[in-house]
Amino acid sequence: MTFVPFCGYYVFVASLQQRLPENVPGDFFVDSTCIDCDTCSQLAPAIFRDHGDQCSVYHQPDSEAETQLAMMALVACPTGSIGTNERHDAHLGIDAFPMLLEDNVYFCGFTSEDSFGAWSYLIVRPAGEGGNILIDSPRFASQLVKRIEAMGGVNRMLLTHKDDVAAHKLFRDRFNCERLMHADDGASRLGVEHVIRGEEPVQLDDDLLVIPTPGHTRGHVVFLYRNKFLFTGDHLAWSPARRTLTAFRSVSWYSWPEQTRSMEKLLSYRFEWVLPGHGDIHKDDAQTMHDHLARCVSWMKTV
Ligand code: SF4
């Protein structure tokens, strides 16, 4: 991914020669380096779509708001696969991250190819309340790092599982933050400071709980914050097609029956947001979310 500065603007250098034929004509395009992580289609669904095993532009931005969303997707793309024919101010996308979701919880953007474009999140808290928490790892991009620093840095880094650790060591070195991860996903090998073991939930702060959820990987965990935000890694996500919560059978690397059992455990918790690494975010009232989760568990038992 290369930005070339020009008169205070930036030209995104993408491979026009590799422009996918599925793109509609016009300014924005996706090239053949796309790894189909779906970040762009989730972030800007009015512009990008998954046309099969890659994404492409199906509607060119025709307003300032849409142009900003397309630029945010361009910045968030892990592989620099989104390009433009025209010049745009890259700060339209860069300055939008971290992007506020609700309260003090942000989506970091700037996904990393090392985690296949997994989404990461930032909880912003005063130092007196324990400081900021980074959940899973974004790309270690200088623009993002500076913005996180201006928001108070990172005091703790929580890792849901081994696939989404990406630049964890660079963030650790930059912010001197403590990392947390489950032993069964190789936490010790990665040099993680706070290693979780077993299957019992661990209360980190009054309003922050670690819940082991083996299944996708053996040491997968989810994080419940304020009984409102559930950071689910690759355990649980929203399915826009089925309009309910879902899990990914084809990438349940450790054990689908275990993942089903782990999902059932989550029925005893209350939350309003599902914030995954891969798959769609969803927000609902706690009762409706519980109903969706119960439906997901029933479905998992049939697959
Ligand atoms: S964000 Fe980039 S890699 Fe991911 S689907 Fe879109 S174009 Fe492809």
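Once you place label points 7 Å from the Cα toward the Cβ at A241 and R174, how far apart are they in nm?
Inter-label distance under the simple model: 3.6 nm.
Working from the pairwise distances between different alpha carbons, so that the mean of 1/r is found and then inverted, what is the range 109-236's Kirkwood radius in Å?
Answer for the range 109-236: a Kirkwood hydrodynamic radius of 14.4 Å.
On average, how much area does the Cα convex hull of the chain cover when viewed from any direction, in nm²?
Mean orientational projected area (the chain, Cα hull): 15.4 nm².
Along each of its three principal axes, how wide is the spread of alpha-carbon positions in the range 165-268, in whole angstrom units, largest first?
42, 30, 27
Out of residues 5 or more away from R179 or on other chains, whose amide H comes under 5 Å of its own, with H placed 1.01 Å from N in the peptide plane?
M157, E193, H194
For K265, go through the lysines and keep the ones whose alpha-carbon is under 23 Å away, minus same-chain ones fewer than eight residues off.
The qualifying lysines are K162, K228, K283, K301.
Can you give me the solvent accessible area of E178 with a 1.4 Å probe, rounded to the nearest 10 Å²?
70 Å²
List, in order, the whole-Hz ³J(HN,Hα) value for each residue of the range 118-127 obtained from phi through the Karplus relation with A = 6.51, B = -1.76, C = 1.60 and θ = phi - 60°; use x for Gly and Pro.
Listing the rounded values in order: 5, 7, 10, 9, 10, 9, 9, 9, x, 4 Hz.
Given the whole protein assembly as supplied and a 1.4 Å probe, what does the accessible area of H278 come to in Å², nearest 10?
In the full protein context, H278 sits at about 40 Å².
Quick one: putting +1 on the C-beta of Lys and Arg, -1 on the C-beta of Asp and Glu, what dipole do you get for the chain around its Cα centre, in Debye to the nearest 20?
Rounded to the nearest 20 debye, it is 580 debye.
Stretched out fully, how many nm does the piece from E22 to D103 gain, at 0.36 nm a residue minus the Cα gap?
Extra length from E22 to D103 when fully extended: 25.3 nm.
Accessible surface of V303 in the full protein assembly, 1.4 angstrom probe, to the nearest 10 Å²?
It works out to around 80 Å².
Of Y254, L180, L267, which is farthest along the charge dipole of the range 157-303 in the positive direction, counting Lys and Arg as +1 and Asp and Glu as -1 at C-beta?
Most positive-ward Cα: Y254.
Could you order Y254, Y121 so the one with the most accessible surface comes first? Probe is 1.4 Å.
So the residues, ranked largest to smallest area, are Y254, Y121.
The values are calculated or read from the model by the stated rules, or taken from the named source; none is laboratory data. Everything numeric in this text was worked out from a predicted model, so none of it was measured. Positions of Cβ are backbone-derived with ideal geometry, glycine not excepted, and every protein chain shown enters the neighbour counts. Ligands, DNA and RNA are stripped out before the accessible areas are found, and what is left, the full protein with its side chains, is counted by its heavy atoms. Shrake-Rupley method; radii C 1.70, N 1.55, O 1.52, S 1.80 Å.
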